[in-house]
Ligand code: SF4
Ligand code: SF4
């Protein structure tokens, strides 16, 4: 596995973001019928190439949302009360009313090792991030539009999918495609902090 160079990654992501987002939009509108299977297979490929311990960019540049269960679990792990945990580290967003980190990088990231110091009790968002093969893929794929800018694994996932689906969708003959309606959009579980 290659060591991730975040500076090079940021330049590459900036260059490719428009094309990647256009591709994601197409997948949302006209998902190929094997998209879920394709995502599972591509997710496996990505993790053969990417080592998160050489990156941790999600923990450096983004914040998870902490659900009440997350707060209770993490506070208990740290022998604190949920109120003290929130007081010390979190802030409630005005619009979404979610509890998020006050600071970046995340206070629980060990910057010398890129490891999470509350790993066993980390928020659900962190445990599932970057949700590459989360089913149904069509309902979650919109979150990659932001994550391609922060997460090398997401970037590689879209790059591989784009390659596998080259030329998709075929404009004139849509007979082989299963077109699914809009469905519910889940909001992005981990959000970037500018
Ligand atoms: S809780 Fe752990 S995994 Fe989640 S952002 Fe912080 S350091 Fe990263
Ligand atoms: S999930 Fe993405 S951003 Fe987070 S450490 Fe892994 S490659 Fe980096």
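FYI, it's all coordinate maths here, none of it is from the lab. Here the structure is a predicted model, which means the values were calculated and not measured. In this analysis, Cβ positions are derived from the backbone assuming ideal geometry, glycine residues included, and neighbour counts consider all displayed protein chains.
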Subject >> Cβ-based exposure ranking for 129, 85, 157, in which fewest neighbours within 10 Å come first >> reply: 85, 129, 157
**OP:** Calculate, for residue 111 and residue 7, the FRET efficiency according to 1/(1 + (r/R0)^6) with r their C-beta to C-beta distance and R0 25 Å; round to the nearest 0.05.
**Re:** 0.90
Subject >> Percentage of interatomic Cα-Cα distances in the stretch 57-128 larger than 17 Å >> reply: 37 percent
Original post:
Can you tell which of 24, 158, 11 shows the greatest fluctuation in a Gaussian network model of the chain with Cα springs below 10 Å?
Top reply: 11
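With contacts defined as alpha carbon pairs under 8 Å and 6 or more residues apart, what's the relative contact order of the chain in percent? Numbers along the way, then the final one.
On the way: 239 pairs, mean separation 70.8, N = 194.
Reported as a whole number, the value is 37 percent.
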Original post:
Got a sec? How would 142, 131 order by Cβ neighbour count within 10 Å, fewest to most?
Top reply: 142, 131
Original post:
Given springs between every Cα pair under 10 Å in a Gaussian network model of the chain, which of 49, 41, 96 has the largest fluctuation?
Top reply: 96
**OP:** Report the equivalent ellipsoid semi-axes for the chain in whole Å, largest first, defined as the square roots of five times the eigenvalues of the gyration tensor built from alpha carbon atoms.
**Re:** 33, 19, 14
**OP:** Take the chain, connect every pair of alpha-carbon atoms lying under 10 Å apart with a spring to form a Gaussian network, then pick out the residue of 95, 136, 26 with the largest mean-square fluctuation.
**Re:** 95
**OP:** Pairs of Cα atoms under 8 Å, at least six residues apart: use those to get the relative contact order of the stretch 57-128, whole percent.
**Re:** 42 percent
Original post:
If the chain between residue 81 and residue 37 were fully stretched, how many nm would it gain, using 0.36 nm times the residue separation less the Cα-Cα distance?
Top reply: 11.6 nm
